[in-house]
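Student: Quick one: this structure, given as structure tokens, is what I'll be asking you about.
The values are calculated or read from the model by the stated rules, or taken from the named source; none is laboratory data. Computed from a predicted model, the values in this text were never measured in an experiment. A quick note on method: Cβ atoms are made from the backbone with ideal geometry, for glycine too, and the neighbour counts reach across all protein chains shown.
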Amino acid sequence: MAVQSFMVPLGTPAPEFALPDVAEGKTVRLQDFTGTPLLVAFVCNHCPYVKHIEDAFGALLTEFPQLNVVGISSNDIVSYPEDAPEKLIEQATRANWTFPYLFDETQEVARNYQAACTPDFFLYDAEHALAYRGAFDQSTPGNGKPIDGDHLRDAIQHVLAGKAVPEPHLASMGCSIKFRA
């Protein structure tokens with residue numbers, strides 16, 4: 001079922017995280033990115049909304065090599081085995097994602113970020129205050145709109161220039177995060 005992001009208030013501090021990178025096994029923490037903008041993307045392997053943009057998302061990020069990015073998958077892998085860490089590695093390879101892809105086994109990080117769906121994007125400024133939350137662009141599977149990443153691209157450009165991202169921000173839409181009962 002498709003849901004929209006919660007639209008967390010701008011200025012909200014980035015919640016702490018310490019999660020394993022599925023490819024390298026090392027723990028990645030919020031403080032690893034101190035003093036730099038950070039994009040936190042809640043994504044997964046099975047969701048058709050993520051699959052719809054995954055190549056364009058990877059391509060967009062190549063335009064901003066100075067931006068730090070982490071992907072986080074928080075889905076229940078018992079119910080959704082396609083989102084198990086080994087499948088996330090396959091996805092990252094397929095989509096040419098070079099950022100750390102983290103696994104949130106306890107689902108605590110998704111809850112702390114108030115992530116609702118995949119994809120759900122949270123862009124933080126250099127002080128790790130929320131500067132943008134919302135959609136990649138206006139496209140969704142089957143709506144015929146271009147997959148161009150224009151909303152996220154514009155937000156990244158503003159944050160990297162030290163400017164506020166103009167509102168309104170379009171909520172992201174996707175599959176609900178599969179929380180355990």
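Student: Within segment 116-129, can one find any residue that is crowded, with 16+ Cβ neighbours inside 10 Å, acidic (Asp, Glu), at pLDDT 95 or above and over 17 Å from PRO48 (Cα atoms)?
Tutor: The answer is yes; a qualifying residue exists.
Student: Just to check your reading of the model, which residue among GLU86, GLU24, GLU82 is assigned to a loop (DSSP other than H, G, I, E, B), exposed (fewer than 15 other Cβ atoms within 10 Å of the Cβ) and of a type in the set (D, E, K, R)? Show your work before the answer.
Tutor: Numbers: GLU86 fails: assigned to a loop (DSSP other than H, G, I, E, B); GLU82 fails: assigned to a loop (DSSP other than H, G, I, E, B).
Criteria check complete, one pass: GLU24.
Student: Under 6 Å between Cβ atoms, which residue pairs at least 6 apart in sequence (or on different chains) link something in segment 27-47 that is among the hydroxyl-bearing types (Ser, Thr, Tyr) with a partner that is not in a loop (DSSP other than H, G, I, E, B)?
Tutor: Pairs found: THR27/ALA18; THR27/PRO20; THR36/ASN68.
Student: Let me ask something else. Out of (1) crowded, with 16+ Cβ neighbours inside 10 Å; (2) not in a loop (DSSP other than H, G, I, E, B), what's the single condition that is false for ASN45?
Tutor: Of everything listed in (1) crowded, with 16+ Cβ neighbours inside 10 Å; (2) not in a loop (DSSP other than H, G, I, E, B), ASN45 misses just condition (2).
Student: Next up: Go through segment 49-79 and count every residue that is touching a strand residue (DSSP E or B) at 6+ places or on another chain (Cβ under 7 Å) and in a helix (DSSP H, G or I).
Tutor: 3
Student: If I go through segment 142-163 residue by residue, how many of them are loosely packed, with under 13 Cβ neighbours inside 10 Å and either within 13 Å of the chain's Cα centre (by Cα) or not charged (D, E, K, R) (or both)?
Tutor: Start the filter on segment 142-163 by keeping residues that are loosely packed, with under 13 Cβ neighbours inside 10 Å, which leaves 142-146, 161-163.
Cutting the leftovers down to either within 13 Å of the chain's Cα centre (by Cα) or not charged (D, E, K, R) (or both) gives us 142-144, 146, 161-162.
Total meeting the criteria: 6.
Student: Still on this structure: Exactly one of (1) among the hydroxyl-bearing types (Ser, Thr, Tyr); (2) part of a loop (DSSP other than H, G, I, E, B); (3) under 14 Å from the mean Cα position of the chain (by Cα) is unmet by TYR132. Its number?
Tutor: Unmet for TYR132, out of (1) among the hydroxyl-bearing types (Ser, Thr, Tyr); (2) part of a loop (DSSP other than H, G, I, E, B); (3) under 14 Å from the mean Cα position of the chain (by Cα): (2).
Student: Taking segment 5-58, which residues are at pLDDT below 95 and among the aromatic types (Phe, Trp, Tyr)?
Tutor: PHE6
Student: Restricting to segment 91-100, count the residues that are part of a helix (DSSP H, G or I) and loosely packed, with under 14 Cβ neighbours inside 10 Å. Steps first, answer last, please.
Tutor: Just the residues of segment 91-100 that are part of a helix (DSSP H, G or I), to begin with: 91-95.
From what's left, loosely packed, with under 14 Cβ neighbours inside 10 Å: 93-94.
Of the residues in that region, 2 qualify.
Student: Go through segment 101-115 and count every residue that is among the hydroxyl-bearing types (Ser, Thr, Tyr) and surrounded by fewer than 21 Cβ atoms within 10 Å (Cβ to Cβ).
Tutor: Just the residues of segment 101-115 that are among the hydroxyl-bearing types (Ser, Thr, Tyr), to begin with: 101, 106, 113.
Imposing the further condition that a residue be surrounded by fewer than 21 Cβ atoms within 10 Å (Cβ to Cβ) reduces the set to 106.
Going through segment 101-115 one residue at a time, the tally reaches 1.
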